[in-house]
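*Asks:* Here's a structure for you.
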Amino acid sequence: SERWAVLHGTTKLTANIKTTVLEAYHSVATISYLQEKYLWPPETFSNIDWPAIEQTFAKLPTPQRVKHSKLMHSWIPVKTRTARYEKSADNLCPLCNLVPETQDHIFCCQNPEALKHRVTAWNQCLEHR
């Protein structure tokens, strides 16, 4: 039986001290990042069901977690994003060649191939629920 424990709020730090300390350290930076990026006031941030998101992500295989994280935080490697790191100045959608390829555009491009890809991607997401 345990004679002592170090607590942070209601979290017992001594159960897995390294993980708990790292999470506590990074959580402040993560909260600040998300609030600044999405212009969320503290009330909005606190209304998000973070445990549900965590449980959902825990059920996904790692590649799916990475994909969903990139999608949620607008980190998908679309041309407007990758053009910053590549020498090519072309940032047009490779399917319609009409407008810059942004994360928003990939979900509404009217090119038939884009529509087909979205349906396939959606079906894959549903398979991993």
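The values are calculated or read from the model by the stated rules, or taken from the named source; none is laboratory data. Note that the structure is predicted; figures quoted are calculated from it, not measured. Note that we place each Cβ from the backbone using ideal geometry, even for glycine, and neighbour counts take in every protein chain shown. Ligands, DNA and RNA are stripped out before the accessible areas are found, and what is left, the full protein with its side chains, is counted by its heavy atoms. Shrake-Rupley method; radii C 1.70, N 1.55, O 1.52, S 1.80 Å.
*Asks:* Taking only the range 81-111 into account, find how many residues are more than 18 Å from the chain's Cα centre (by Cα) and among the polar types (S, T, N, Q).
*Replies:* Residues meeting the conditions: 5.
*Asks:* Kindly establish whether GLN55 is under 30 Å from GLU23 (Cβ atoms) and open to solvent by less than 80 Å² (accessible area, probe 1.4 Å).
*Replies:* Values: under 30 Å from GLU23 (Cβ atoms): yes; open to solvent by less than 80 Å² (accessible area, probe 1.4 Å): no.
No: the conditions fail for GLN55.
*Asks:* Could you check the range 44-71 and list, in sequence order, the residues that are among the polar types (S, T, N, Q) and part of a loop (DSSP other than H, G, I, E, B)? Working first, answer last.
*Replies:* Of the residues in the range 44-71, the ones among the polar types (S, T, N, Q) are 44, 46-47, 55-56, 62, 64, 69.
The answer is none; no residue qualifies.
*Asks:* Count, please, the residues in the range 112-129 that happen to be more than 17 Å from the chain's Cα centre (by Cα) and small (Gly, Ala, Ser). Spell out how you get there, then give the answer.
*Replies:* Step one: of the range 112-129, the residues more than 17 Å from the chain's Cα centre (by Cα) are 112-120, 123-124, 126-127.
So of that shortlist, the ones also small (Gly, Ala, Ser) come out as 114.
Residues flagged as more than 17 Å from the chain's Cα centre (by Cα) and small (Gly, Ala, Ser) within the range 112-129 amount to 1.
*Asks:* Could you check SER74 against (1) in a helix (DSSP H, G or I); (2) within 25 Å of ILE31 (Cα to Cα); (3) among the hydroxyl-bearing types (Ser, Thr, Tyr) and say which number it fails?
*Replies:* So the condition that SER74 fails would be (1).
*Asks:* Within the bounds of the range 93-113, is there any residue that is at positive phi and not aliphatic (A, V, I, L, M)?
*Replies:* Quick first cut of the range 93-113, residues at positive phi only: 97.
Narrowing the set further to residues that are not aliphatic (A, V, I, L, M) leaves 97.
Yes, the conditions are met somewhere in the range 93-113.
*Asks:* Continuing with the same structure: Looking for something part of a loop (DSSP other than H, G, I, E, B), surrounded by 12 or more Cβ atoms within 10 Å (Cβ to Cβ) and among the β-branched types (Val, Ile, Thr) - is there at least one such residue anywhere in the range 9-27?
*Replies:* The answer is no, given that none of the residues of the range 9-27 is part of a loop (DSSP other than H, G, I, E, B), surrounded by 12 or more Cβ atoms within 10 Å (Cβ to Cβ) and among the β-branched types (Val, Ile, Thr).
*Asks:* Looking at this structure, is THR62 surrounded by 10 or more Cβ atoms within 10 Å (Cβ to Cβ) and out of contact with any helix residue (DSSP H, G or I) (no Cβ under 6 Å at 6 or more places or on another chain)?
*Replies:* Numbers: surrounded by 10 or more Cβ atoms within 10 Å (Cβ to Cβ): no; out of contact with any helix residue (DSSP H, G or I) (no Cβ under 6 Å at 6 or more places or on another chain): yes.
Spelling it out, it is not the case that THR62 is surrounded by 10 or more Cβ atoms within 10 Å (Cβ to Cβ) and out of contact with any helix residue (DSSP H, G or I) (no Cβ under 6 Å at 6 or more places or on another chain).
*Asks:* Same structure again: Only residues that are closer than 17 Å to LYS37 by Cβ and open to solvent by 80 Å² or more (accessible area, probe 1.4 Å): list them for the range 85-104, please.
*Replies:* Just the residues of the range 85-104 that are closer than 17 Å to LYS37 by Cβ, to begin with: 102-104.
Once the filter is applied, which keeps residues that are closer than 17 Å to LYS37 by Cβ and open to solvent by 80 Å² or more (accessible area, probe 1.4 Å), the range 85-104 yields only ASP104.
*Asks:* State which residue is surrounded by the most Cβ atoms within 10 Å (Cβ to Cβ) when the search covers only the range 30-47 and only residues that are polar (S, T, N, Q) and closer than 15 Å to HIS73 by Cα. Show your work before the answer.
*Replies:* Let us first name the residues in the range 30-47 that are polar (S, T, N, Q), namely 30, 32, 35, 44, 46-47.
Of the ones still in play, those that are also closer than 15 Å to HIS73 by Cα are 30, 32, 35.
Values: THR30: 11, SER32: 10, GLN35: 14.
Restricting to residues being polar (S, T, N, Q) and closer than 15 Å to HIS73 by Cα, the top hit is GLN35.
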